[in-house]
Amino acid sequence: MDIAAVNVLSYEDFVDVFGNVVEKCPLIPAAVWSCRPFVSVKALEAAINEFIDALPESGKEGILRCHPDLAGRDLKSGTLTRESLEEQAEAGMDALSSLEAARMARLNEEYKKRFGFPFVICARMNEKAAILQQLSERCQNERIVERTRGIEEVKKICRLRIHTLLLSDRTFKL
């Protein structure tokens, strides 16, 4: 799908296609639909990023809370979104040793207890060892630092999801 095709999508179709570029936040593409026409894929990404940046801190934390724990209960129970499942599998989160899984669970809980939202990292840009290291290191940060870092990771995830949608050979049932 190219940007010209994106620009002629109805509101409903736009939200159907882009509704999960920010995990479980279809409100964001719903809001940026009215920014059409987009001159490029980068302009679409920029519109989403500007919407996120304009949110109050509580809204940004809400976006972070929509993300599942890495290698957490949603992965184990099969309730991850298709996108998250693919991303976590690509990073090896579905193939942790029992020791790695226990460490991941402990660090996820420590992180959520400290910050009030789950650890977010762009899994597609990391492997499991790097994710575990980042989770351990980032548990030591201040809340404002982690909120900012988490939102930057959300934007990376969003960018890659948009590129997957627009630059792949996937077809959409509209």
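Inside segment 7-37, residues that are open to solvent by 10 Å² or more (accessible area, probe 1.4 Å) and either of a type outside the set (Gly, Ala, Ser) or not assigned by TED's automatic domain parsing to the domain that holds ILE52 (or both) make up a count of 18. Just one of (1) at pLDDT below 95; (2) under 24 Å from ALA43 (Cβ atoms); (3) not β-branched (Val, Ile, Thr) fails for ARG161. It is (1). Evaluating SER58 against the criteria (1) open to solvent by 20 Å² or more (accessible area, probe 1.4 Å); (2) within 18 Å of MET125 (Cβ to Cβ); (3) among the small types (Gly, Ala, Ser) leaves one unmet condition, (2). In this structure, ILE157 does satisfy being out of contact with any helix residue (DSSP H, G or I) (no Cβ under 7 Å at 6 or more places or on another chain), surrounded by 18 or more Cβ atoms within 10 Å (Cβ to Cβ), assigned to a helix (DSSP H, G or I) and not acidic (Asp, Glu). In summary, ILE3 fulfils each of the numbered conditions (1) over 17 Å from the mean Cα position of the chain (by Cα); (2) surrounded by fewer than 16 Cβ atoms within 10 Å (Cβ to Cβ) with the single exception of condition (2). Of the helices (runs of 4 or more DSSP H) contained entirely in segment 30-146, those carrying at least 1 residues that are under 19 Å from HIS163 (Cβ atoms) and in contact (Cβ under 8 Å) with a residue 60 or more places away in the chain fall at 41-54, 82-90.
The values are calculated or read from the model by the stated rules, or taken from the named source; none is laboratory data. Bear in mind that the values here come from a model prediction, so they are computed numbers and not experimental data. Cβ sites come from the backbone with ideal geometry, for glycine too, and all protein chains shown count toward neighbours. Heads up: the accessible areas ignore ligands, DNA and RNA and are worked out on the full protein's heavy atoms, side chains in. Shrake-Rupley method; radii C 1.70, N 1.55, O 1.52, S 1.80 Å.
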